[in-house]
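Colleague: Mind having a look at this structure? Questions to follow.
Taken together, the values in this text are just the output of simple stated rules run on the coordinates, not laboratory data. What you are looking at is a predicted structure, and each value in this text was computed from that prediction instead of being measured. Here the Cβ is made from the backbone with ideal geometry for all residues, glycine too, and neighbour counts use every protein chain on show.
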Amino acid sequence: MDGVHDMGGSSKHFGPLKALDRSEKPFAEPWEGRAFALTLLANRAATASNLPAFRHALERVPEKEYLANYYGRWLGSAEILLVDSGLLAAGAVEARAKTLRGEKGEEPADPEPHKPTMESGGGGNLRTIDAPRAFAVGDRVTTSATGPTGHTRLPGYARTKVGTITALRPAQIFPDTTAHFVAENPQHVYSVTYDAHDLWGAGSEPFNLTLDLYESYLERVQ
């Protein structure tokens, strides 16, 4: 899914980064800590702690809200998760906020819960699979040009680009299907290293970037 969540290499988001403040507290305001805890609880209640589903909710937060505040986007993702699973009615948060402000308005009725389910191979994301690997260290690979309509861990700036496999990683559940509760579909994972000039052109800084990519993303370069 293309959107603000996949901002790497997007010129509209270019700009200077704030210097790291090593004295910065984990939560600048008390509400941020509560938002962090609430989102973790929402993900557990709505998806049984499905990490790809949480990431997919984050990338569906509207861009203006996404960029406004880090923990604000977490709250937005919590609402999306709860609405998706029928644990919260659409518009309920806005209606309750109006009520708390003393404004007149009707709050929506509680929906019928419809939490998604999916067969799981166990806790965490790592899995053991019997299928042999399709690639080896040193192989040159490229990726598809097609952007998915749903969740993916293949960033837009790496599509159709050529890189080299530099390490083999443990097999993991496939986020593109797990996020939508289709199936875990575990796959082999590879570390693929790219030259920054191949990703962003001759004007980019000289460095290498390594991405951990799933086997179905990759095609061998002949």
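Colleague: So I have (i) -0.93, -1.03; (ii) -0.82, -0.93; (iii) -0.63, -0.74, and one of them is log10 I(q)/I(0) by the Debye sum over Cα atoms at q = 0.12, 0.13 Å⁻¹ calculated from this model. Which one is it?
Modeller: It is the value labelled (ii).
Colleague: Then there is this: Rounding to the nearest 10 and keeping the result within 0 to 90°, find how far the Cα-based axis of helix 70-84 lies from the longest principal axis of the chain.
Modeller: Around 80 degrees separate the two axes.
Colleague: Taking the simple approach of a point 7 Å from Cα along Cα-to-Cβ for both GLN222 and GLU106, what is their distance in nm?
Modeller: Those two pseudo-labels are separated by 6.5 nm.
Colleague: In nanometres, what is the gap between the two model label sites at ASP2 and LEU87, each 7 Å from Cα along Cα-to-Cβ?
Modeller: Roughly 3.3 nm, to one decimal.
Colleague: Of the listed peptides 152-158, 77-83, what is their order by residue-averaged count of other C-beta atoms within 10 Å, with the highest listed first?
Modeller: So the peptides 152-158, 77-83, ranked by packing, come out 77-83, 152-158.
Colleague: Where the centroid of each part is defined by its Cα atoms, how far is region 44-63 from region 64-132 in Å?
Modeller: That distance is 7 Å.
Colleague: Would you please state which residues of region 178-193 a label at THR210 would reach in this model, taking the label point 7 Å out along Cα→Cβ and a backbone N cut-off of under 15 Å?
Modeller: Those under the cut-off are 189-193.
Colleague: Mind checking which of GLN172, SER23, ALA46 is farthest towards the positive end of the chain's charge dipole, using Cβ charges of +1 (Lys, Arg) and -1 (Asp, Glu) about the Cα centre?
Modeller: Selected residue: SER23.
Colleague: Considering every Cα-Cα pair within region 4-100, what fraction, in whole percent, is farther apart than 23 Å?
Modeller: 33
Colleague: Rounding to the nearest 20 debye, state how big the charge dipole of the chain is about its Cα centre with +1 on each Lys and Arg Cβ and -1 on each Asp and Glu Cβ.
Modeller: That gives the chain a dipole magnitude of about 320 debye.
Colleague: Relative contact order, percent, of the chain when contacts are C-alpha pairs under 8 Å separated by at least 6 residues?
Modeller: Relative CO of the chain lands at 18 percent.
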